[in-house]
Amino acid sequence: MLRRFFVAIACAVVAGSTFAQAYPSKPVKMIVGFPPGGGTDVVARVISQKLTEWWGQPVTVENRAGATGR
């Protein structure tokens, strides 16, 4: 029982010394499943502008019209 306690404490100490990467660390691509110029595209572009401001990383919108978006 005491051994498990010390193992748990050791794991917590080791895990606490690691640092996570800041998200996002690379440019972000937002994929929209509809053609450009529609309402979905406009909303995605407004959201991408705000995310660029908040994250400090460029967020680009890529339109990929699929079977339902034609």
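Computed about the Cα centre, the dipole magnitude for the range 22-70 is approximately 100 debye when only Lys and Arg (+1) and Asp and Glu (-1) carry charge, each at its Cβ.
Count charges around VAL61 for me, please; just the other residues with Cβ under 12 Å from its Cβ, Lys/Arg as +1, Asp/Glu as -1. Here the count lands on +1.
Read-outs throughout are calculated quantities, based only on the coordinates presented, and are distinct from any laboratory measurement. Keep in mind the model is a prediction, meaning the values are calculated, not measured. Cβ sites come from the backbone with ideal geometry, for glycine too, and all protein chains shown count toward neighbours.
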